[in-house]
Amino acid sequence: MSSSIVLVGMENPLLDISAELSDHTLLEKYGLELDSAILAEEKHLPLYKELVENYNPKYIAGGATQNSIRVAQWMLKSAGLSNATAFMGCVGKDDFGRQLDECATNDGVKTHYMIDETTPTGTCAVLV
């Protein structure tokens, strides 16, 4: 069944980059502690590239509002309403922005991202 958009969200999107760690080496390298959350500092920025290159991460369209839109789409799909949600936000003109768009689209969310050529896409490292 086709449907029209019934729910729209707007916020700063984030690409969650989630990786399972086999030991604490990466945590120690970047001065991170178990069971904690931090705002990344300059010293943490190489972590994202390292996750992508060495840990086979999972990518998840994130940010509080985009997460809510994705869950709403999942619920609406079970009620027969595919592609019934949309999300607007801003991403960088980079690989993470393209990956974020792909993730949200694969979840059935119609995306309308403004592309900023000077600012990178927001990311969140999730180390499990």
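The values are calculated or read from the model by the stated rules, or taken from the named source; none is laboratory data. These figures come from a predicted structure and were not determined experimentally. Cβ: placed from backbone, ideal geometry, glycine included. Neighbour counts: every protein chain shown. Heavy atoms of the whole protein, side chains included, go into the accessibility calculation; ligands, DNA and RNA do not. Shrake-Rupley method; radii C 1.70, N 1.55, O 1.52, S 1.80 Å.
As for the stretch 6-28, it holds no residue that is open to solvent by less than 40 Å² (accessible area, probe 1.4 Å), free of Cβ contacts under 8 Å to residues at least 60 places away in the same chain and within 22 Å of residue 122 (Cα to Cα).
Residue-wise test of (1) in a loop (DSSP other than H, G, I, E, B); (2) in contact with a Gly (Cβ under 6 Å, 6 or more places away or on another chain); (3) modelled with pLDDT under 95.
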| position | (1), (2), (3) |
| --- | --- |
| 2 | yes, no, yes |
| 15 | no, no, no |
| 23 | yes, no, yes |
| 31 | yes, no, yes |
| 35 | yes, no, yes |
| 40 | yes, no, yes |
| 65 | no, yes, no |
| 72 | no, no, no |
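Residues satisfying the criterion are present in the stretch 59-72 (criterion: open to solvent by less than 30 Å² (accessible area, probe 1.4 Å), more than 30 Å from residue 33 (Cβ to Cβ) and not small (Gly, Ala, Ser)). Taken over the stretch 82-107, the criterion of being part of a loop (DSSP other than H, G, I, E, B), surrounded by 18 or more Cβ atoms within 10 Å (Cβ to Cβ) and not charged (D, E, K, R) is satisfied by 84 alone. Among the residues of the stretch 82-128, the one identified as on the phi > 0 side of the Ramachandran plot and modelled with pLDDT under 95 is 83. Once the stretch 29-58 is narrowed to residues that are over 20 Å from residue 12 (Cβ atoms) and of a type in the set (Ser, Thr, Tyr), the residue that is surrounded by the most Cβ atoms within 10 Å (Cβ to Cβ) is 30.
When residues in the stretch 108-128 are screened for being in contact with a Lys or Arg (Cβ under 9 Å, 6 or more places away or on another chain), among the aliphatic types (A, V, I, L, M) and buried (at least 18 other Cβ atoms within 10 Å of the Cβ), 1 of them pass.
The single condition among (1) surrounded by 14 or more Cβ atoms within 10 Å (Cβ to Cβ); (2) at pLDDT below 95 that residue 79 does not meet is (1).
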